[in-house]
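The values are calculated or read from the model by the stated rules, or taken from the named source; none is laboratory data. None of the values given here were measured: they were computed from a predicted structure. Positions of Cβ are backbone-derived with ideal geometry, glycine not excepted, and every protein chain shown enters the neighbour counts.
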Amino acid sequence: MKLHHTAIWVNDLALIRDYYIDHFGAKSNDLYENSQTGFRSYFLTFSSGSQLEIMHREDIPDNLNDNIRQYKGYIHLAFAVNTKEEVDKKAQELSVSGYQILRGPRITGDGYYEFETVDPEGNRLEVLYRDHI
């Protein structure tokens, strides 16, 4: 069995779609819209085949996510790269582009080289490398 996709509610579909295209190499399908419910979404596909569905509907309340204080449930998406240098390069790229780096790059207790960041709407991300991934 394989996980097909992960989905997140967002406020600005175009902003989030462009962020993942520009910084993570995602490919997007065409906008899906359900005029009866007001639901709109894109599927973003990454080079690994993994997919992220970004969804919007006006009646969905804002997430109370806090970048410092964490809550049970969904916490982050993790993107694996092939080298430590790619981790450093991505951290630098995002930092220069104005995105907050929460922690790292660093070596974690379980041997990953990673950094933590957030997308434009505060969804947490990790970019990581480990020899045996």
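Is there a residue being at positive phi and under 12 Å from the mean Cα position of the chain (by Cα) anywhere in segment 8-27?
Just the residues of segment 8-27 that are at positive phi, to begin with: 25.
Pick out the ones that are also under 12 Å from the mean Cα position of the chain (by Cα) and you get 25.
Yes, segment 8-27 contains a residue that is at positive phi and under 12 Å from the mean Cα position of the chain (by Cα).
Have a look at Arg124, Arg106, Arg40, Arg130 and point out the one that is surrounded by 13 or more Cβ atoms within 10 Å (Cβ to Cβ) and at pLDDT 95 or above.
Exactly one residue qualifies, and that residue is Arg40.
Could you list all residues from segment 85-122 that are basic (Lys, Arg), under 18 Å from Tyr20 (Cα atoms) and touching a strand residue (DSSP E or B) at 6+ places or on another chain (Cβ under 9 Å)? Can you show your working first?
Looking only at segment 85-122, we keep the residues that are basic (Lys, Arg), and these are 89-90, 103, 106.
Imposing the further condition that a residue be under 18 Å from Tyr20 (Cα atoms) reduces the set to 89-90.
Listed by number, the list holds a single entry, Lys90.
Can Leu128 be described as assigned to a strand (DSSP E or B), of a type in the set (A, V, I, L, M) and farther than 20 Å from Ala26 by Cα?
It is false that Leu128 is assigned to a strand (DSSP E or B), of a type in the set (A, V, I, L, M) and farther than 20 Å from Ala26 by Cα.
Do we have any residue at all in segment 28-45 that's in contact (Cβ under 8 Å) with a residue 40 or more places away in the chain and among the aliphatic types (A, V, I, L, M)? Spell out how you get there, then give the answer.
Step one: filter segment 28-45 for residues in contact (Cβ under 8 Å) with a residue 40 or more places away in the chain, giving none.
No, there is no match, as no residue in segment 28-45 is in contact (Cβ under 8 Å) with a residue 40 or more places away in the chain and among the aliphatic types (A, V, I, L, M).
Could you tell me which of the residues Asp88, Asp62, Asp22, Asp30 is in a helix (DSSP H, G or I) and surrounded by fewer than 15 Cβ atoms within 10 Å (Cβ to Cβ)?
The match here is Asp22.
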